[in-house]
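Notes to accompany the following structure.
Only the coordinates and a few stated rules stand behind these numbers; no lab work does. Source: prediction; values computed, not measured. Cβ sites come from the backbone with ideal geometry, for glycine too, and all protein chains shown count toward neighbours.
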Amino acid sequence: MPKEDSIDIVSPAQLSEGNQAHLRIPLLGCCLYVDWTAKLECVKPGKEFSDRQISGPFKIWKHRHLFLQASSHGCLMRDEIEFLLPGGKLIHATLSPFVVNKLRHVFQYRHQILIQEFGQGQPELFNGSLKIN
């Protein structure tokens, strides 16, 4: 996580269905925080896991992490996120580009860390591509 986006993990969840993680996330990069509780809903070790917001800043938040075999020696990480902001269609239409931008920033950072950790010395296993829709 980029330093300015660092999330405090109040209580982590064991990676099994039904467990909950409690987080504190900064808003606007300053002293304002919001508590966030996510529940693990689907855990398939080595293949995928998904979480859903129980309480937090979104009206709806669903996040699915997929690990797809890309070769005999590597995998493709894919995140699928569905969110809806509270406050109706106007608020969602106005603020969702900010949320998408923030997510893009976080995933670009993670992408760079993965290149540093896994890409060096094994370029055939990691092509360095990042796609955000």
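Provide the gained length on full extension for the span D8 to Y109, in nm with one decimal, where the gain is 0.36 nm per separating residue minus the Cα-Cα distance. The partial results should precede the final answer.
Details: separation 101, 0.36 × 101 = 36.36 nm, distance 1.72 nm.
Using 0.36 nm per residue and subtracting the Cα-Cα distance, I get 34.6 nm.
Please state the relative contact order of region 3-86 as a whole percent: Cα pairs under 8 Å, 6+ residues apart?
Working: 182 pairs, mean separation 15.5, N = 84.
Rounded, it is 18 percent for region 3-86.
Eigenvalues of the Cα gyration tensor times 5, then square-rooted: what semi-axes does that give for region 3-86, in whole angstrom, largest first? Walk me through the numbers before you get to the answer.
Numbers: eigenvalues 130, 44, 33 Å².
Listed largest to smallest, the semi-axes of region 3-86 are 26, 15, 13 Å.
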Notebook entry, point to check: Can you pick out the pairs among K39/K102; K39/K89; K59/K89; K39/K59 whose Cα atoms lie more than 18 Å from each other?
Noted result: K39/K102; K39/K89
Checklist line | Rotationally averaged projected area of region 59-117 (alpha carbon convex hull; nm²) | finding: 4.7 nm²
Next item on the list: Apply the Karplus parameterisation 6.51 cos²θ - 1.76 cosθ + 1.60, with θ equal to phi minus 60°, to every residue of region 51-60 and state each ³J(HN,Hα) to the nearest whole Hz, in sequence, with x for glycine and proline.
Entry: 9, 9, 5, 8, 8, x, x, 9, 6, 9
Check: If each of Q20 and L84 carries a label point 7 Å out from its Cα toward its Cβ, how far apart are those two points in nm?
Finding: 2.2 nm
